[in-house]
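Remarks on the structure that follows.
The values are calculated or read from the model by the stated rules, or taken from the named source; none is laboratory data. Being a predicted model, the structure only gives us computed values, none of them experimental. Note that we place each Cβ from the backbone using ideal geometry, even for glycine, and neighbour counts take in every protein chain shown. Keep in mind that these areas ignore ligands, DNA and RNA; they rest on the heavy atoms of the full protein, side chains included. Shrake-Rupley method; radii C 1.70, N 1.55, O 1.52, S 1.80 Å.
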Amino acid sequence: MTHIKTLAALAAFALLASPALADEPAPARTKPDIPKNGEETYKMVCQACHMADAKGATGAGTFPALAGNDKLGTAEYPIFMVVNGKGGMPYFYDTMSPQQIAEVVTYVRTHFGNAYKDPVTAAQVKAIMDARGK
């Protein structure tokens, strides 16, 4: 009977001493998806604060509405905000490419009740990014 208790204790110890699989990375994926267009970027990055309907929110912070927002009429304003951030809005100049920023700003300006049809270009974004360094 003592041998059975000893073997049970050793088996329990072996289980506890083995590495925890939860600390290992997932076998097939170690990097997040990269958004393919402005809509995906909005859903993956912006929607968390500005909401799925882009109407913003108030709670732990205030997240302005992008839906029907007159400030989006001039492309430079939303580009500047995405590139540089302000207040609770983080900057994305070092995490999004000029093309990604152009696509997400164009998406927001053409959806959610916004009808600003002129697409934003990566060159416009790059100009604001370059001005940031000065």
Filter the stretch 91-112 for residues that are over 12 Å from Ile79 (Cβ atoms) and β-branched (Val, Ile, Thr); the one that is modelled with the lowest pLDDT is Thr95
Would you list the helices (runs of 4 or more DSSP H) that sit entirely within the stretch 1-82 and hold 2 or more residues that are at pLDDT below 95?
2-17, 47-50
Reported set for the stretch 93-106 where residues are over 16 Å from Ala127 (Cβ atoms) and part of a loop (DSSP other than H, G, I, E, B) is Asp94, Thr95
For the stretch 37-70 the number of residues that are open to solvent by 70 Å² or more (accessible area, probe 1.4 Å), over 22 Å from Ala115 (Cα atoms) and over 13 Å from the mean Cα position of the chain (by Cα) is 3
Just one of the numbered conditions (1) touching a residue at least 40 places away in the same chain (Cβ under 8 Å); (2) surrounded by 15 or more Cβ atoms within 10 Å (Cβ to Cβ) is not true of Pro98; which one?
(1)
